[in-house]
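Enquirer: Handing you this structure, nothing more for now.
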Amino acid sequence: MKKSTFDAVIVGGGAAGLFAAVQASTRGRRILLLEKNSRCGKKLLITGKGRCNVPNASTAEVALKKFPL
């Protein structure tokens, strides 16, 4: 078995973990990103209590209902 080495291990593939991994990798660091969900960033899709996730296929009326006036 080949041994792998990493410069950093990031636990959690949410917004902060993804941001940290990208920033570290742009600086040439080798990163191991660990996430318990089936894919990284999965929980970001359900944030905003329905207000931030307006699908492109919705009508203007549906979109306006998502934003309190």
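Any read-out appearing in this document is the output of simple, stated calculations on the displayed coordinates, not a laboratory observation. Note that the coordinates shown come from a computational prediction; the quantities given were computed from them, not determined experimentally. Cβ sites come from the backbone with ideal geometry, for glycine too, and all protein chains shown count toward neighbours.
Enquirer: Out of residues 5 or more away from Leu33 or on other chains, whose amide H comes under 5 Å of its own, with H placed 1.01 Å from N in the peptide plane?
Expert: For Leu33, the qualifying residues are Ile10.
Enquirer: Related question: Pop out the ³J(HN,Hα) list for the stretch 27-34 in order, Karplus 6.51 cos²θ - 1.76 cosθ + 1.60 with θ = phi - 60°, rounded to Hz; leave Gly and Pro as x.
Expert: 9, x, 7, 9, 10, 10, 10, 9
Enquirer: With θ taken as phi - 60° and the coefficients 6.51, -1.76 and 1.60, list the Karplus ³J(HN,Hα) couplings across the stretch 39-44 in order, rounded to whole Hz; mark glycine and proline as x.
Expert: Result, rounded to whole Hz: 7, 6, x, 4, 6, 5.
Enquirer: Give me the net charge of Asp7's neighbourhood, meaning all other residues with Cβ under 13 Å from the Cβ of Asp7; Lys, Arg count +1, Asp, Glu -1.
Expert: Once positives and negatives cancel, what remains is +3.
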